[in-house]
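What follows is one structure encoded as structure tokens, with my remarks underneath.
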Amino acid sequence: MKTKTQNYMHRHSGFSLIEIMVGLAIGMLGIIVMMQVYALSEERKRTTTAGSDAQNNAIIALDAIQRDISRSGHGFANTRLMGCNLQLPSGATIPLAPVIVNPAATVIPVGDANTDTLLVSYGNADDQPDGYNVNNQSGSTYTITGTGMMKQNDRAIAAPAACGATTLVLGTVQSVTNSVIQLSSSEAGTALYNLGGTPRFLAYAIRSGNLTVCNYMINNCGDATAATLANQAIWRPIASNVVSLRAQYGRDTSGSMDGIVDSYDQTTPATACAWARASAIRFALVTRSGQFEKAAVTAAAPIWTGTGGAPIDLSVNTLPVQSEWQQYRYRVFETTAPIRNVAWMGAIAGC
């Protein structure tokens, strides 16, 4: 026996209960299909967006490093300073050179596995690169030939003819009176080099999948304690999802010192003339998309020019499960940045 509701629906809708149920089923199937299409569209959108994010991160990071390398050596591009040890106002001591690839772990603690570190140094003074000859010295008072652009609170180095085992000191200009310079330190020197008011000694490293930078003029970047390395106020992230940084010196190995790079390697120069011949840095950044794919989408690890076809090992990284590295997409960006402030130095020094 039909209920009053069924009779009412039959009389007024023109559809049977079975027809209504079939319609509902078709409607539900339609909704499921639409949701699947929407989910697939969103998945592709996330993949595309993640790839764009990886590209943007690499471009930002590449530009930051390249700009710093182009400035490196400014203010101290002289063979008598290259490779010397320099004590900073904080008390930390670093090797002095435009760019150092993989300095000692006491200078830059190692970053993520299979990544390189960089120490980039430069001054910001609008001054001559050859320094000022010291005519007379009495303690921390130096009499030079003219004062040029040197002014109070600039950072300056008093350097001997050759540093040898002597550690140079980055002093602060206390006063400038005609040709008399008063420094905060009293190191023996035959020349003064002006690095300006805010020189940079920048340590670059990949930490926890981020490209980070630490300024030695503000912090002790050589502190390897876990709290310091994790402190983003000290190691400031400038790009995320960066899984590798690779770098090499570009060297002029010709006998004529023509300034043209002939070879690339990671061997740290051992002499001032070797530093003068390291006139470029070739480096690569590998970024990872933020989208985790359900299946492997990267068949083989990426390569760059500096490895001669050998892949960059990404199997050991910051992922919770190391075997999942192939389920991300990667982009490799590489460039060669000239160290412009040393291109002329070797020829003048007879290197």
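What about T305, is it surrounded by fewer than 13 Cβ atoms within 10 Å (Cβ to Cβ) and either closer than 30 Å to P338 by Cα or not hydrophobic (A, V, I, L, M, F, W, C) (or both)? Quick ask: steps written out before the conclusion?
Numbers: surrounded by fewer than 13 Cβ atoms within 10 Å (Cβ to Cβ): no; either closer than 30 Å to P338 by Cα or not hydrophobic (A, V, I, L, M, F, W, C) (or both): yes.
No; evaluated as a whole, the condition is false for this residue.
Please determine whether any residue of segment 196-219 is without any contact (Cβ under 8 Å) to a residue 60 or more places away in the chain and over 30 Å from V110 (Cβ atoms). There is no residue in segment 196-219 that is without any contact (Cβ under 8 Å) to a residue 60 or more places away in the chain and over 30 Å from V110 (Cβ atoms). For beta carbons closer than 9 Å, sequence separation of 6+ or different chains, a first residue in segment 227-248 that is of a type in the set (D, E) and a second that is modelled with pLDDT of 95 or more, there are no qualifying pairs. Considering N124, N78, N133, N56, which residue is polar (S, T, N, Q), in a strand (DSSP E or B) and either farther than 22 Å from D313 by Cα or modelled with pLDDT of 90 or more (or both)? On inspection, the qualifying residue turns out to be N133. Residue check: is L88 in contact with a Phe, Trp or Tyr (Cβ under 9 Å, 6 or more places away or on another chain), surrounded by 21 or more Cβ atoms within 10 Å (Cβ to Cβ) and farther than 24 Å from W304 by Cβ? The answer is no for L88. Counting only residues that are out of contact with any strand residue (DSSP E or B) (no Cβ under 7 Å at 6 or more places or on another chain), closer than 24 Å to L245 by Cβ and surrounded by fewer than 19 Cβ atoms within 10 Å (Cβ to Cβ), segment 103-130 holds 5 of them. Looking across segment 230-256, the residues that are within 15 Å of the chain's Cα centre (by Cα), modelled with pLDDT of 90 or more and not in a strand (DSSP E or B) come down to Q232, I234, W235. Taking the criterion of being more than 22 Å from A280 (Cβ to Cβ) and touching a Leu at 6+ places or on another chain (Cβ under 6 Å), no residue of segment 112-124 qualifies. Among the residues of segment 174-192, those identified as closer than 27 Å to A270 by Cβ and either in a loop (DSSP other than H, G, I, E, B) or within 31 Å of the chain's Cα centre (by Cα) (or both) are E187, A188, G189, T190, L192. In the set D63, D112, only one residue is out of contact with any Lys or Arg (no Cβ under 6 Å at 6 or more places or on another chain) and not in a loop (DSSP other than H, G, I, E, B); that residue is D63. The number of residues in segment 12-41 that are surrounded by 11 or more Cβ atoms within 10 Å (Cβ to Cβ) and either touching a Ser or Thr at 6+ places or on another chain (Cβ under 7 Å) or modelled with pLDDT under 70 (or both) comes to 2. Selection of segment 136-173 for residues being of a type in the set (G, A, S), touching a residue at least 12 places away in the same chain (Cβ under 8 Å) and outside any strand (DSSP E or B) yields G139, S140, G146, G148, A161, A162.
The values are calculated or read from the model by the stated rules, or taken from the named source; none is laboratory data. All values derive from a computational prediction rather than experimental measurement. Glycine gets a Cβ as well: all are built from the backbone with ideal geometry, and neighbour counts include every protein chain shown.
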